[in-house]
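Before any comments, here is the structure.
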Amino acid sequence: MARVYLIVPLLVLLKLPGNTTRLMHGGVAVNNPTFLAICEAMKEKKINARKLLVLSLGTGSSKGTNKLEVGSPDTAWGLVNWFFGPEQSRPLTDVLMAGSNEMVEIYTSSFFQFSGLEDNYILIQVDNLTYAEASMDNSSKENLDNLEKIGKERVEANKEKLIKLAERLSAIRHASRSSLSG
Ligand SMILES: *[C@@H]1O[C@H](CO)[C@@H](O)[C@H](O)[C@H]1NC(C)=O
Ligand SMILES: *[C@@H]1O[C@H](CO)[C@@H](O)[C@H](O)[C@H]1NC(C)=O
């Protein structure tokens, strides 16, 4: 039977000394939940990846061009530069977040590609946001409108893939309905 899973890790439970607990944004541990979602779906439904259609919707990242020039004597960085970069960038956090995100993307796409299932995994992502657009706490109307516009452009650019995916989902649904009623 076809099921659609939407997995967003919202919170991670931290156990601190003295029996206190704190909740933390899930992105800190599972910045890219795609692989976790795949594992959960396989475990839950006891199926292998062949039966999975994965649509991964990225929340966008910034390029970081010219923001990570460490090393030449006049740009040599101290601790502060790693935490507070130009144009509100956060170089250390950006590197850690982007690194873990891209590793998950590499594992997932390689896994599907080399299993001959490349059509079962679709990633829609944008990687050329400005720092303001990529920051997660800028809720100004201007920024939100702009993000909506970028999102719509991505959908338009991936229209064919999305339509194909919808057709496959619809075919699976019809097949499972007729096998249920038959
Ligand atoms: C960002 O990249 C997309 C293609 O991936 C392109 O359509 C868009 O124009 C680019 N935006 C900017 C601001 O460069
Ligand atoms: C929020 O985003 C807008 C549009 O991208 C930008 O002009 C503005 O400087 C940003 N504000 C902050 C506080 O980053």
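Nothing in this text is a laboratory measurement; each read-out follows from the coordinates by a stated rule. Here the structure is a predicted model, which means the values were calculated and not measured. Positions of Cβ are generated from backbone atoms using ideal geometry, with glycine treated the same way; all protein chains shown enter the neighbour counts.
Within the straight-line cut-off of under 30 Å between alpha carbons, the lysines reachable from Lys43 are Lys15, Lys51, Lys161, Lys164, sequence neighbours fewer than 8 places apart in one chain being disregarded. Working from Cα pairs under 8 Å separated by at least six residues, relative contact order for region 11-181 is 22 percent. By a straight-distance test (C-alpha under 18 Å), which lysines pair with Lys159 as possible cross-link partners, with residues fewer than eight away in the same chain excluded? Reachable lysines: Lys149.
Of all beta bridges that DSSP places with both ends in region 11-181, some 55 percent have antiparallel geometry. Whole-Hz Karplus values for region 128-145 come out as 10, 6, 7, 4, 4, 5, 7, 5, 8, 10, 9, 9, 5, 4, 4, 5, 5, 4 Hz, taken residue by residue from phi with 6.51 cos²θ - 1.76 cosθ + 1.60 and θ = phi - 60°; glycine and proline positions read x. Rounded to the nearest 20 debye, the dipole magnitude of region 11-181 is 1040 debye, with +1 charges on Lys and Arg beta carbons, -1 on Asp and Glu beta carbons, and the Cα centre as origin.
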